[in-house]
Amino acid sequence: MSQLQARFFTENKRYVVDDVPFSIPAASEVEELSSVINQLLLAKDVDFDFLVRGQFLRTPLSFHMETEGISTVRHRSYDKTARIWSVEGKPVMTVAGHTDVVKDVAWVKREGLTSLLLTASLDQTILMWEWNSERNKVKARHCCRGHTGSVDTIATDPTGSKFCSGSWDKMLKIWSAVPSDEADEVEGPPDRPRKKQKTQQLGLTRTPIMTLSGHNEAVSSVLWCDTEEICSASWDHTIRVWDVETGGMKTTLTGNKVFNSISYSPLCRRLASGSTDRHIRLWDPRTKDGSLVLLSLSSHTGWVTAVKWAPAHEHQLVSASLDNLVKLWDTRSCKAPLYDVAAHEDKVFCVDWTESALLLSGGADNKLYTYRYSACQTDAGA
Amino acid sequence: MDDRRGNVQSSEQKEEMKKVQEKTTKRRNKEKEELGDEQILNLNNEPPEEDEDLSDSEDSVYSGLEDSGSDSEEDEEDGSDGDVTVDSEQTHQAEEKKNMTEVKRKDDEYEHDSSDEEDIRNTVGNIPMEWYRDFPHIGYDLDGKKIYKPIRNKDELDDFLDKMENPDYWRTVHDNQTGSVIVLSDEQVELVNRLQRGQFGDINFNEYQPSVEYFSSDVMIHPVTNRPEDKRSFIPSLVEKEKVSKLVHAIKMGWIKPRRVEDNSRGTFYDLWASEDSSILSKHRMHLPAPKIPLPGHNESYNPPPEYLFTDEERALWEQQDPSDRKLPYVPMKFSSLRQVPAFPRFIHERFERCLDLYLCPRQRKMRVNVNPEDLIPKLPKPKDLQPFPTVQSLVYRGHSSLIRSISVSPSGQWLASGSDDGTVRIWEVCSSRCMKTIQVGGAVKTVTWNPNPAVCLLAVALNSVVLILSPALADRQVVSSSERLLLGDQEAEAAEDTGAVWSEAEGEELNQGIRLKVHHPKAVHQVVWHAKGDYLASVMPDNSSHLQVLIHQLSRRRSQNPFRRNKGLVQCVSFHPVRPYFFVATQRSVRIYNLVKQEMTKKLQANSKWISSMAVHPGGDHVICGSYDCRLSWFDLDLSTKPYKMLRHHKKAVRGVAYHRVYPLFASASDDGSVIVCHGTVYNDLLQNPLIVPVKVLRGHVMTHDLGVLDVTFHPTQPWVFSSGADNTIRLFT
């Protein structure tokens, strides 16, 4: 079998080829296929990727790493501050207020010149900041108290009215994200250290709306599936889905290793989890039995510390690992990642996508990298 | 013979017998004459006379009788008998005549046959003569007249007298056919004797006449017969031809088959053992034949080739050797001839040894059970089935500048404390390997331990002769405040006098670093360990010469006490029982268990090792593992025995640290060979079931530095992760 019949389809109108079966040498690789299409189109050398029945024909491709863009990015760090960066690589603003390590940050609202952001810290508090980008001023609006362990993760709900935090004390707490001018009453013991704290406190104290307890170990990652559903991953080897309205647990997905991070893609409605056994697993949160692993992506050699679905692409996700690598995956090729990004010199702790499809990663080498992923693809169906 | 008898007889008898003898001799003489005549007559009849008239009937009758096999002697007697006894002349003559005719006729047929025909006068034939016993006659003669029995009135006495007196009695025979008595003549006796000797009857016959050799080896000029060969000898035989053609036809038609070749003749033997049952066969199979005597070789020859003879050195060596070691039991000797070979001196000895070989050597095949030794090992579950356990190195905590002697994980599992020889205690965040705090303590840290009580957040650090209590303030505010309150404690209970331990509070910079309390000991502190409740801690000051080796401190009351009055050996490490008021003290070779309430020793465990280095108590409290400097790890089941339930010798070098996991059935040992070995150790509630111990993983990663590998090992309190600290200034987390 030396010749194959193939048809080429693409969504990109520039590269549309006639819908005629072509006879192709069976041994040809991606370069040869690309050259075939180039000749058909009388175009210059354009590299194409080919999908054969939903699977990429090959994975390695030179990766263009560019730092360019306009949108803003924020970064969490271990120097007790949060910084706002422009994507050009300059720190725009440093937000300093926590008495301990900042573990996670989240935007609440970015409209106009003022925007709200949250920082979660090891000092068991979450601070809500208001940032005026024009004046480049930041102001602490609220100090959310209630956790008795370091707050490891926060997530705002899609509407921006609530946020959820997960902590080392095994609790999930839901807070109001709407800034107000009055402080909530602290139900804690109003004895002597209160006075001292008040003097140090930035902003107004805020107490949680709801506390969700059920995890047996520290909560490592939390996210909103939709406006009424929270998904949390924990060190007790479970991923739990909670109903915000009732505060009850809906589903439990049980793994056998500690989960470091989860991510949910509304496009493909799947949950990706990164765990300490070096695999990225895809889950369907709607399954009731909760023990179903749809797919497992394994190429990392260290703990997977962060996973993130691409906001615009239903098959792509990015993962960070302790083996200093950031990997970009396509769920249609689960054997190997699309790209290995070897930029960090130390452990990578977090990754994220910007709205303009830029990749961000932060690591223990105190660097924040931004990557642009050039996605020019030609789909080919055979 | 008669003469002799006569001599023997008495004289009276002799007289009687003489009379009788006279009678008989008269008779004998008369008979002799007749017999002699007849004999002569017979002999005279010898010359062949041809053509005598013979009646055919007679011939045929008598020739038939001839075959009946009567002796020639008897015939002879008969012949003579007839002559003597028959009274009538007629019969006698007739007999004579017939006899002559018979002889003549015989001569006809057999020229050289001198045997004479029997003289038959009785015509009854060859019948048993008993049939005529009751008749007066005995048969019929040729004329058909009765032959009457001789009137004999001889009774036994007569017979006896006859025997005594008659000198011819010995040659007297009785003719059964005629019933008469015949006295044999001398010639007849001679003839009888000759025949008895196997000689030829005729005296004149020369048995040894020179023979004429008709056929000899000499080649004759003339043929034996001059007769020309027949014509038919040249012509193929028509009869044969006809026969052959018949056979050929029969073969062609298939009537005659050629003889079948018996090719399966070997297969049809009789199977002697067909009906033998297998038990006997198996018995035979177990039999071993006797060893064969080795065949004699050249060196045993009386005249061996010279290379077999001993040289002087060989002979000297042979003489020096023990008889059992000699290759040959004799010295090869050379003799010029077989005659000079002396007697074999070792004969008896050699036979004896052979007999020993035959009956003392057990010539029976041993019934050895052929078992694969690996089948005898109990089947351990595969490590794969015993998940989870740490398998790969995940994180490395770098920051210390000297070897790390001790590590400890906080009860929440979030923090890791490490004490190093560089004089610092570092506190790390477990999940990110970030060093959260570095506390300068000013001395090589021997031990760091977190307070196991999750309600307080305190760290005990042993260095030099001081035990420091640190409050790292890495917990909830309430926990921190409660631990601070615990430390404030009852200050009125000051240091007890007899222990020599002095409590003091930290000040200034130390207070900022988190150091809260200092307990000064009289000697260097080696180890410090918390009680599970978190109020008591025990410190070890190893000193062989003192009874003050272990101190138990109470944190809330700031009190120290020495639990032991007597020195029982160099204390290596101590540990509290996780639930019961027991206290484990490991000395160099044994572990003693004390009941703190009753203040007595309850058990003494013999570790079977030379020098215990470390000890860990199972969270259930019924099992203890001890690591020792002689590379062993011994697991004690306190319910089972004071001896180790299992000794694990997996490490190549001294075991430095051992640890149990609090939740998972895991334990780990750290060794100077740079490896941490994680074992699965399930403990069952069932008292009948022994713990299941399976080594599951060897974890490597630490670099050997100054011949030291891994110094301490500890498990994460909730996850199946193990931390190890090494001499290469790193802490490694294996997950």
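The values are calculated or read from the model by the stated rules, or taken from the named source; none is laboratory data. Every value quoted in this text rests on a predicted model; they were computed, and no experiment measured them. We place every Cβ from the backbone using ideal geometry, glycine too, and count neighbours over all the protein chains shown. Accessible surface is based on the protein model in full, side chains and every heavy atom, while ligands, DNA and RNA are left aside. Shrake-Rupley method; radii C 1.70, N 1.55, O 1.52, S 1.80 Å.
The table for this structure:
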read-out	value
Test: residue in region B:655-672 that is without any contact (Cβ under 8 Å) to a residue 40 or more places away in the chain and within 25 Å of B:Val425 (Cα to Cα)	yes
Long-range neighbours under 9 Å by Cβ, at least six apart or interchain, first residue of a type in the set (A, V, I, L, M, F, W, C) within region B:155-177, second in a strand (DSSP E or B)	B:Val173/B:Val181; B:Val173/B:Ile182; B:Val173/B:Val183
From the options B:Pro619, B:Pro581, residue that is closer than 23 Å to B:Thr449 by Cβ and touching a Leu at 6+ places or on another chain (Cβ under 6 Å)	B:Pro581
Lone qualifier among B:Gln554, B:Gln588 - being under 29 Å from B:Glu484 (Cα atoms) and surrounded by 15 or more Cβ atoms within 10 Å (Cβ to Cβ)	B:Gln554
Test: residue in region A:346-364 that is over 23 Å from A:Ala106 (Cα atoms), surrounded by fewer than 22 Cβ atoms within 10 Å (Cβ to Cβ) and modelled with pLDDT of 70 or more	yes
Residues that are part of a loop (DSSP other than H, G, I, E, B) and open to solvent by 60 Å² or more (accessible area, probe 1.4 Å), drawn from region B:310-325	B:Thr311, B:Gln321, B:Asp322, B:Pro323, B:Ser324, B:Asp325
Which listed residue is over 22 Å from B:Cys457 (Cβ atoms), aliphatic (A, V, I, L, M) and over 60 Å from the mean Cα position of the chain (by Cα), from B:Ala538, B:Ala532, B:Ala586, B:Ala501	B:Ala501
Qualifying residue in region A:221-230 (condition: within 14 Å of another protein chain (Cβ to nearest Cβ) and either open to solvent by less than 40 Å² (accessible area, probe 1.4 Å) or modelled with pLDDT of 85 or more (or both))	yes
Qualifying residue in region B:483-500 (condition: β-branched (Val, Ile, Thr) and modelled with pLDDT of 75 or more)	no
Tally of residues being within 14 Å of chain A (Cβ to nearest Cβ) and within 17 Å of B:Leu633 (Cβ to Cβ) across region B:698-712	0
Residues of region B:289-309 satisfying the condition of being of a type outside the set (Val, Ile, Thr) and loosely packed, with under 11 Cβ neighbours inside 10 Å	B:Pro289, B:Lys292, B:Pro294, B:Leu295, B:Pro296, B:Pro306, B:Glu307
Those residues of region B:373-420 which are within 14 Å of chain A (Cβ to nearest Cβ), open to solvent by 50 Å² or more (accessible area, probe 1.4 Å) and in a helix (DSSP H, G or I), in sequence order	B:Lys384, B:Asp385
Test: residue in region A:265-279 that is within 14 Å of another protein chain (Cβ to nearest Cβ), open to solvent by less than 30 Å² (accessible area, probe 1.4 Å), among the β-branched types (Val, Ile, Thr) and free of Cβ contacts under 8 Å to residues at least 24 places away in the same chain	no
Strands (runs of 3 or more DSSP E) enclosed by region B:136-213 - at least 2 residues per element that are out of contact with any Lys or Arg (no Cβ under 7 Å at 6 or more places or on another chain)	B:146-148, B:172-174, B:181-183
Region A:243-260 - residue that is in contact (Cβ under 8 Å) with a residue 24 or more places away in the chain and away from every other protein chain (no Cβ under 14 Å) and, of those, most open to solvent (accessible area, probe 1.4 Å)	A:Met249
Selected residue (only one of B:Leu195, B:Leu184, B:Leu157 is open to solvent by less than 60 Å² (accessible area, probe 1.4 Å) and hydrophobic (A, V, I, L, M, F, W, C))	B:Leu184
Failed item, numbered, when B:Ser412 is tested on (1) under 20 Å from B:Thr735 (Cβ atoms); (2) out of contact with any Phe, Trp or Tyr (no Cβ under 9 Å at 6 or more places or on another chain)	(2)
Number of positions in region B:457-478 that are aliphatic (A, V, I, L, M) and either more than 24 Å from B:Glu507 (Cβ to Cβ) or within 14 Å of chain A (Cβ to nearest Cβ) (or both)	3
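Condition check ((1) within 14 Å of chain A (Cβ to nearest Cβ); (2) part of a strand (DSSP E or B); (3) closer than 20 Å to B:Pro578 by Cβ) across all residues:
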{"position": "B:Arg662", "(1), (2), (3)": "yes, no, yes"}
{"position": "B:Ala668", "(1), (2), (3)": "no, yes, yes"}
{"position": "B:Val676", "(1), (2), (3)": "no, yes, no"}
{"position": "B:Gly681", "(1), (2), (3)": "no, yes, yes"}
{"position": "B:Tyr684", "(1), (2), (3)": "no, no, yes"}
{"position": "B:Val696", "(1), (2), (3)": "no, yes, no"}
{"position": "B:Thr714", "(1), (2), (3)": "no, yes, yes"}
{"position": "B:Gln719", "(1), (2), (3)": "yes, no, yes"}
{"position": "B:Leu733", "(1), (2), (3)": "yes, yes, no"}
